[in-house]
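Read through the structure below, which is laid out as C-alpha cells, and then see the notes.
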C-alpha cells in the first residue's frame with residue numbers, strides 16, 4: 001500500500017516556498033511527453049496529491065487523454081530529510097474536478113500565492129491517486 005510519509009508531506013506542501021516547485025509529467029494520447037512546473041502541488045491526504053490547473057494547456061489536455069502522471073520533487077537543500085538523490089517520484093492516476101466539493105477542497109489547500117494567480121478561480125483541481133512512490137534510483141519509499 002502506498003502512503004506518503006508525514007515528513008515528506010510537509011516538504012511537498014512547502015515546495016514552492018522553498019523554491020523547488022514540483023514538476024508534473026504527462027503524456028498525450030499519441031505518446032508525446034510533457035513536463036510542467038506546478039507550484040500548487042499539495043498533499044490532499046496520505047495517498048493522494050493534487051494541484052490547481054489554471055493554465056489549461058498541454059498538461060490539462062494530456063490528463064484528459066491519458067490520466068497516468070508522475071510528479072517529480074527534488075530539494076538538495078533538504079537532502080538530509082529525503083531519500084537518495086534528494087528526489088522523490090510520485091506515480092499515479094489523475095482525475096479532473098471542474099466543480100464540486102473536491103475542487104473546493106483542493107482550492108482551500110492551494111498556497112496563497114497560487115490562489116492570487118487565479119483570482120477568478122477559473123482553474124480546476126487535478127487529483128492524483130498514487131500507486132507508487134520511489135526515490136531517484138527507483139526504490140519504493142517505505143510508507
Flag if residue 9 is closer than 22 Å to residue 139 by Cβ, at pLDDT 95 or above, assigned to a helix (DSSP H, G or I) and in contact with a strand residue (DSSP E or B) (Cβ under 6 Å, 6 or more places away or on another chain): yes
Residue selected from the stretch 73-85 under the condition part of a helix (DSSP H, G or I) and touching a residue at least 40 places away in the same chain (Cβ under 8 Å), by the criterion farthest from residue 39 (Cα to Cα): 84
Boolean, residue 17 is in contact with a strand residue (DSSP E or B) (Cβ under 8 Å, 6 or more places away or on another chain), in a loop (DSSP other than H, G, I, E, B) and exposed (fewer than 15 other Cβ atoms within 10 Å of the Cβ): no
Residue satisfying condition, being modelled with pLDDT of 95 or more, more than 23 Å from residue 3 (Cα to Cα), surrounded by fewer than 18 Cβ atoms within 10 Å (Cβ to Cβ) and touching a strand residue (DSSP E or B) at 6+ places or on another chain (Cβ under 8 Å), within set 96, 35: 35
Condition met for residue 87 (under 22 Å from residue 1 (Cα atoms), modelled with pLDDT of 95 or more and surrounded by fewer than 15 Cβ atoms within 10 Å (Cβ to Cβ)): no
Test: residue in the stretch 76-84 that is surrounded by 15 or more Cβ atoms within 10 Å (Cβ to Cβ) and under 15 Å from the mean Cα position of the chain (by Cα): no
Verdict on residue 106 being over 23 Å from residue 73 (Cα atoms) and in a helix (DSSP H, G or I): no
Filtered residue count, the stretch 38-72, keeping only those that are farther than 20 Å from residue 113 by Cβ and either touching a helix residue (DSSP H, G or I) at 6+ places or on another chain (Cβ under 8 Å) or crowded, with 22+ Cβ neighbours inside 10 Å (or both): 4
Number of the condition not met by residue 106 [criteria: (1) touching a strand residue (DSSP E or B) at 6+ places or on another chain (Cβ under 8 Å); (2) loosely packed, with under 15 Cβ neighbours inside 10 Å; (3) over 22 Å from residue 138 (Cα atoms); (4) modelled with pLDDT of 95 or more]: (2)
Check on residue 118, closer than 23 Å to residue 26 by Cα, in a loop (DSSP other than H, G, I, E, B) and modelled with pLDDT of 95 or more: yes
Candidate set: the stretch 130-143, residues that are out of contact with any helix residue (DSSP H, G or I) (no Cβ under 9 Å at 6 or more places or on another chain) and surrounded by 15 or more Cβ atoms within 10 Å (Cβ to Cβ); chosen: the one farthest from residue 3 (Cα to Cα): 134
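The values are calculated or read from the model by the stated rules, or taken from the named source; none is laboratory data. A quick note: this is a predicted structure, and the numbers were derived from the prediction, not measured. Cβ coordinates were reconstructed from backbone atoms using ideal geometry, including for glycine residues, and neighbour counts include every protein chain displayed.
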